[in-house]
Amino acid sequence: MAQILDGKELSKKVKDGVKVKVDKLKEKGINPKLAVIMVGNNSASSVYVKNKSKACENAGIDFEEFFLPEETTEDELVELIEKLNQDKLVHGILLQSPVPKHININRAFETISPSKDVDGFNAINVGNLTIGRDCFVSCTPWGVMRMLEEYNIDVTGKTAVVIGRSNIVGKPMLQCLLSKDATVTICHSKTKDLEEVVSRADIVIAAIGKPNFVTGKMIKDGAVVIDVGINRLENGKLCGDVNYEEAFPKASYITPVPGGVGPMTVAMLLENVVKAAEEKT
Ligand code: NAD
């Protein structure tokens, strides 16, 4: 039977640490500040932005939202980002995805100054992560690594399988695990014999976006199971990418959804904002 990796509880600990650092910065006359840009209306994004705003407020981090209309052009968005890059009072800039289809989000991410890129999506930060330099790491994989560390789960030499190869979760997750000496395999929509690959894993990280995709049959006895997925079912309930009931009896550790990786993602964003502010001192 698995031990639950309690992201809700752990995120409180991380946030308490952030608050201490924020207070120290304020003593030096620095008020850490995050600017969040959202383009167009998206109900899920609005909820995420609201959560981030609340978390910043609780930690004493200044927060400014920029809600741009759907018809905003790519040039207008880039212009706003450039203005925020120059603003000495802003330490972190976050562009909430998705953006309307007529905007090339990669150009927007590239415009964010690497030193303010608290989401870690800029190619400079992605490249630095790959070659093991200090950088901003995408908050979700960074939160997973913190969770493993806090629960003393050593990944050295372990077989880790990441399911999903997105730029924001799967790929940086691979780099994070590799940097801690895990033997990492990444699976995706074109992977053959996915079930067989996953069933060999000591650590399974699911980031697919499909409810209950990872079944109990795929989980090796004693595996660590990290569920990044957040899926809303027709009945309104949230569920992950892992069939929790089936995986629970086989896993050694497992994250619940909600209350697992999600709260850690927000906590790591706050850490990244503080890191950005500290680097300016
Ligand atoms: P994405 O849609 O960008 O990527 C999904 C990945 O899954 C792709 O790389 C694709 O190759 C893979 N995939 C799709 N179908 C597959 C299949 N049949 N077999 C194997 N692989 C398959 O998604 P994302 O942005 O990486 O997010 C993944 C999930 O994580 C979503 O549920 C999202 O809501 C959630 N998420 C959670 C947090 C958090 O804080 N907990 C943060 C980001 C994303």
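The values are calculated or read from the model by the stated rules, or taken from the named source; none is laboratory data. Predicted, not measured: the structure shown is a model, and the values here were computed from it. Here the Cβ positions follow ideal geometry from the backbone for every residue, glycine too, while neighbour counts run over all protein chains shown. Keep in mind that these areas ignore ligands, DNA and RNA; they rest on the heavy atoms of the full protein, side chains included. Shrake-Rupley method; radii C 1.70, N 1.55, O 1.52, S 1.80 Å.
Taken over the range 248-267, the criterion of being in contact with a Cys (Cβ under 8 Å, 6 or more places away or on another chain) and outside any helix (DSSP H, G or I) is satisfied by VAL257 alone. Scanning the range 122-135 for residues being open to solvent by 10 Å² or more (accessible area, probe 1.4 Å) and assigned to a loop (DSSP other than H, G, I, E, B) gives a total of 5. The single condition from (1) crowded, with 17+ Cβ neighbours inside 10 Å; (2) outside any loop (DSSP other than H, G, I, E, B) that GLU65 fails is (1).
Since LEU270 meets every condition but one in (1) more than 9 Å from the ligand (Cβ to nearest atom); (2) within 30 Å of LYS21 (Cα to Cα); (3) open to solvent by 30 Å² or more (accessible area, probe 1.4 Å); (4) in a helix (DSSP H, G or I), which condition does it not meet? Going through (1) more than 9 Å from the ligand (Cβ to nearest atom); (2) within 30 Å of LYS21 (Cα to Cα); (3) open to solvent by 30 Å² or more (accessible area, probe 1.4 Å); (4) in a helix (DSSP H, G or I) one by one, LEU270 breaks only (3).
Residue-wise test of (1) surrounded by 17 or more Cβ atoms within 10 Å (Cβ to Cβ); (2) touching a Pro at 6+ places or on another chain (Cβ under 9 Å).
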{"residue": "LYS33", "(1), (2)": "yes, no"}
{"residue": "SER53", "(1), (2)": "no, no"}
{"residue": "GLU79", "(1), (2)": "no, no"}
{"residue": "GLY120", "(1), (2)": "yes, yes"}
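Please tell me if PRO114 is surrounded by fewer than 19 Cβ atoms within 10 Å (Cβ to Cβ) and within 12 Å of the ligand (Cβ to nearest atom). The answer is no for PRO114. Of the listed requirements (1) open to solvent by 70 Å² or more (accessible area, probe 1.4 Å); (2) in contact with a strand residue (DSSP E or B) (Cβ under 9 Å, 6 or more places away or on another chain), LEU84 misses just one: (1).
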